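*Asks:* Supplied in structure tokens, the structure appears directly below.
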Amino acid sequence: HAVSVSGMHISFLVAFVLLFTKNRYLKLLAIPLMFLFAFMVGAPQSALRAVIMQSLVLLSSVAKREYDSLTSLSFAAFVLAFVNPYCVTDVGFLLSFSATLGIVLLYKPLFDGFLCIGKKLSGIPKKLFQSFSTILSVTIAAMLFTTPIAAYLFNSFSLIAPLSNTLLNFVIMLIFMGAFAVILLSFIYLPIAKGAAVVLEMLTGFVTKMIKMLSNISFAEMFTGDIILSQMRRQA
């Protein structure tokens, strides 16, 4: 979830672009960059869905209109299905839209619930708790809607995802946005860009090692193939 090319990475790209301008009209320059990025990575359904929704966010800001997540999600589904009706059978389409729907519907109540748990905290501990609560709420909300699909299509689903996403989300954000910075630096002064790239390589290695370590934990993944097959045999 954290490393698939979807809404999180598109939002990182937009955030990076917006660092250089506060003008609401210049913000629209992020739209063609998002589409370019989506097609550079093969135009997966998850990336196209995120680009369409993020474009609507920027357009609503420029037009000073209220943005509605459910309407935006529905519009993205309509556009993709209109261009290619068979996309609704794509696994990426199913997982991306179900995950986003889960986040739209469940993120707020989950986050509010975590805030009630940590309401006695203050200062830096409170900010850290809120940051972790945000990541955890998003992950759980997405998993609740994608787990049935993953269990059926892949005969398994991850149990370690809430922990792994919470631990690695910030590092992945640094790697993704740092990559853009390295590319820009390479046009200015290549030796500095190479030095910065070494740091990113170390962070990437850390993420890889953490993923391997977490995946080796007992019960990190639940296999459902036998359960599904047995149910099918009973129905037959």
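*Asks:* Go through region 176-191 and give me each residue that's of a type in the set (Val, Ile, Thr) and crowded, with 16+ Cβ neighbours inside 10 Å. Reasoning before the result, please.
*Replies:* Going through region 176-191, the residues of a type in the set (Val, Ile, Thr) turn out to be 182-183, 188.
Result: Val182, single match.
*Asks:* Within region 85-95, is there a residue that is free of Cβ contacts under 8 Å to residues at least 40 places away in the same chain and either crowded, with 18+ Cβ neighbours inside 10 Å or assigned to a loop (DSSP other than H, G, I, E, B) (or both)? Please lay out each step first, then the result.
*Replies:* Initial filter on region 85-95 (free of Cβ contacts under 8 Å to residues at least 40 places away in the same chain): 85-86, 88-89.
Remaining after also requiring either crowded, with 18+ Cβ neighbours inside 10 Å or assigned to a loop (DSSP other than H, G, I, E, B) (or both): none.
No: region 85-95 contains no residue that is free of Cβ contacts under 8 Å to residues at least 40 places away in the same chain and either crowded, with 18+ Cβ neighbours inside 10 Å or assigned to a loop (DSSP other than H, G, I, E, B) (or both).
*Asks:* Hey, can you tell me all the residues within region 24-56 that are touching a residue at least 40 places away in the same chain (Cβ under 8 Å) and farther than 19 Å from Asn84 by Cβ? Before you say what the answer is, go through the steps one by one.
*Replies:* We begin by selecting, within region 24-56, every residue touching a residue at least 40 places away in the same chain (Cβ under 8 Å); these are 44-47, 49-51, 53-54.
Across region 24-56, the qualifying residue is only Gln54.
*Asks:* In region 114-159, how many are at pLDDT below 80, among the hydrophobic types (A, V, I, L, M, F, W, C) and touching a strand residue (DSSP E or B) at 6+ places or on another chain (Cβ under 8 Å)?
*Replies:* 2
This table checks each residue for (1) out of contact with any Gly (no Cβ under 9 Å at 6 or more places or on another chain); (2) among the polar types (S, T, N, Q).
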| site | (1), (2) |
| --- | --- |
| Ala141 | no, no |
| Thr146 | no, yes |
| Ser164 | yes, yes |
| Ile175 | yes, no |
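*Asks:* Given (1) open to solvent by 50 Å² or more (accessible area, probe 1.4 Å); (2) closer than 25 Å to Ile211 by Cβ; (3) of a type in the set (Ser, Thr, Tyr); (4) more than 16 Å from the chain's Cα centre (by Cα), where does Ser122 come up short, assuming only one miss?
*Replies:* Of (1) open to solvent by 50 Å² or more (accessible area, probe 1.4 Å); (2) closer than 25 Å to Ile211 by Cβ; (3) of a type in the set (Ser, Thr, Tyr); (4) more than 16 Å from the chain's Cα centre (by Cα), only one is false for Ser122: (2).
*Asks:* Kindly indicate whether any position in region 52-70 is within 15 Å of the chain's Cα centre (by Cα) and of a type in the set (A, V, I, L, M).
*Replies:* yes
*Asks:* Scan (1) modelled with pLDDT of 90 or more; (2) crowded, with 20+ Cβ neighbours inside 10 Å for the single condition Ser74 breaks and write down its number.
*Replies:* With (1) modelled with pLDDT of 90 or more; (2) crowded, with 20+ Cβ neighbours inside 10 Å applied to Ser74, the lone miss is (2).
*Asks:* Follow-up question, since we're still on this one. Which pairs do you get when a residue that is within 10 Å of Leu203 (Cα to Cα) and without any contact (Cβ under 8 Å) to a residue 40 or more places away in the chain, found in region 171-186, comes within reach of a residue that is hydroxyl-bearing (Ser, Thr, Tyr) and open to solvent by 50 Å² or more (accessible area, probe 1.4 Å), reach meaning Cβ atoms under 7 angstrom, with the pair 6+ apart or on two chains?
*Replies:* Every condition considered, the pairs that remain are Ile175/Thr204.
*Asks:* Being modelled with pLDDT of 75 or more, surrounded by fewer than 10 Cβ atoms within 10 Å (Cβ to Cβ), in a helix (DSSP H, G or I) and among the charged types (D, E, K, R) is the requirement here; does Lys194 meet it? Step through it out loud before you land on a result.
*Replies:* Values: modelled with pLDDT of 75 or more: yes; surrounded by fewer than 10 Cβ atoms within 10 Å (Cβ to Cβ): no; in a helix (DSSP H, G or I): yes; among the charged types (D, E, K, R): yes.
Criteria not met by Lys194.
*Asks:* Just to verify a result, which residue in region 13-27, among those that are among the aliphatic types (A, V, I, L, M) and open to solvent by less than 50 Å² (accessible area, probe 1.4 Å), is farthest from Met177 (Cα to Cα)? Please lay out each step first, then the result.
*Replies:* Just the residues of region 13-27 that are among the aliphatic types (A, V, I, L, M), to begin with: 13-15, 17-19, 26.
Then keep just the ones that are open to solvent by less than 50 Å² (accessible area, probe 1.4 Å); that gives 13-15, 17-18.
Working: Leu13: 7, Val14: 10, Ala15: 9, Val17: 10, Leu18: 12 Å.
Result: Leu18.
The values are calculated or read from the model by the stated rules, or taken from the named source; none is laboratory data. This is a predicted model, so every value here is computed, not measured. No Cβ is skipped: glycine too gets one built from the backbone with ideal geometry, and neighbour counts run over all protein chains shown. The accessibility values were calculated without ligands, DNA or RNA, using every heavy atom of the protein model including side chains. Shrake-Rupley method; radii C 1.70, N 1.55, O 1.52, S 1.80 Å.
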